1. Provide the per-residue ³J(HN,Hα) series for the stretch A:164-180, in order, calculated from phi with Karplus coefficients 6.51, -1.76, 1.60 and θ = phi - 60°, each as a whole number of Hz, with x at glycine and proline positions.
2. Which FRET efficiency, nearest 0.05, do residue A:198 and residue A:44 yield, Cβ-Cβ r, R0 51 Å?
3. Sorted by average packing, counted as other Cβ atoms within 10 angstrom per residue and highest first, what order do A:183-189, A:126-132, A:153-159 take?
4. If neighbour count is taken as other Cβ atoms inside 10 Å, put A:110, A:273 in order from fewest to most.
5. Determine the sum of side-chain charges near residue A:112: Lys and Arg each +1, Asp and Glu each -1, restricted to other residues whose C-beta is under 9 angstrom from that of residue A:112.
6. Can you pull a Stokes-Einstein diffusion coefficient for the stretch A:165-217 at 25 °C (0.890 mPa s), Rh from Kirkwood over Cα pairs, as a whole number of µm²/s?
7. Using only DSSP helix segments of four residues or longer, with each worth -39500 (n - 2.57), what per-residue ellipticity at 222 nm results for chain A after dividing by its residue count and rounding to 500?
8. On average over all directions, what projected area in square nanometres does the stretch A:161-278 have, based on the convex hull of its Cα atoms?
Amino acid sequence: MPELPEVETVARLVAPDVLQKRVTGVRALWRKTGGGRSDAELEAALVGRRFVRVERRAKYILMGLAPGRSKLPDTWLVVHLRMTGRLVVAPAREEPAAHTRFSVELGPRRLDFIDPRKFGRCLVTSDPTHVLPELGPEPLEDGFEAEAFVRDLRARKRQLKPLLLDQAFVAGLGNIYVDEALHRAGLHPLTPAHRVTRPKARALHAAIRTVLAEAIEREGSSFDTFYRTPTGQPGSYQHQFQVYGRQGQPCRTCGGEIQKRVVGQRGTHFCARCQRRR
DNA sequence: AGCTACTCCTGGTAGC
DNA sequence: TGCTACCAGGAGTAGC
């Protein structure tokens, strides 16, 4: 499922195919994907504008469009891949692939949003802050400062797993990278945040950054048929997983058996020996 | 503040 | 083989 590294990879790879291209048509093949907007509304907002920015914030891809020859975006296409969303650029004359939910025509080519489970969104707005929820710091940016993280973490009483999944606390982590970061830091997913020692909290801060940066280097994780980069390539970080999906197998650090249990409705993987409770 | 449960969705798979 | 039941899960929301 796309988390920060996968979204970053998609944004990077799709950018050269859309930047400077002008929109010639828009269609929401599944209306909800486009936020309930009609094709006429979408066309009125986008047609004639040109993609001038492609950025990532948390798990969102922000694509800025400017009118005429302007370089200043006044309209944004905000994409969230959720579980199964993909962005693909294809020749406009080709039929859209199965499960295509939203299409932006760019002259001879077309940006397609493909999403079997229909959880993803392609929202059009004049200001991304109108559609983005409250989001915590970007874990790979300088603003994600260790001391502040330690302080904020220890001020909360939630269990680590749901706290780290909370996008308002830290942006961009999902089920996979939370499990991987907790293992790397040697922290049990059920530990209450305020019980984490300062050194362990610092270790967690470092682990989050390391895991995410390494996953971006490998273009994310593809362990099922879903996530692919816009070029159709799978990522390769799944080969680096220490705990995710490895229940029943030996821990690569200590040889203990990797456990799986449900925490807050999420499959949670950990080594009970490396990640002692409390 | 923080917990649980529910919703949205469908492809894949386990079980019969 | 063909059927049904269930599961995966990001994030929003409701209720306690």
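1. Values, residue by residue: 6, 7, 6, 5, 7, 8, 9, 8, x, 6, x, 4, 5, 6, 5, 4, 5 Hz.
2. On the way: r = 54 Å, r/R0 = 1.06.
FRET efficiency, residue A:198 to residue A:44: 0.40.
3. Details: A:183-189: 22.7, A:126-132: 13.4, A:153-159: 15.4.
With the highest mean Cβ count within 10 Å placed first, the list reads A:183-189, A:153-159, A:126-132.
4. Values: A:110 21, A:273 15.
Final ranking by Cβ density, sparse to dense: A:273, A:110.
5. Values: positive: A:86, A:101, A:110; negative: none.
Around residue A:112, the charge tally is +3.
6. Diffusion coefficient, whole number: 217 µm²/s.
7. Working: 6 runs with 69 residues, N = 278.
Per the formula, -7500 deg cm²/dmol.
8. Numbers: hull surface 29.8 nm².
Result: a mean projected hull area of 7.5 nm².
None of the figures in this text is laboratory data; all of them are computed from the coordinates on show. Keep in mind the model is a prediction, meaning the values are calculated, not measured. With ideal geometry, Cβ positions are generated from the backbone for all residues, glycine too; neighbour counts draw on all protein chains shown.
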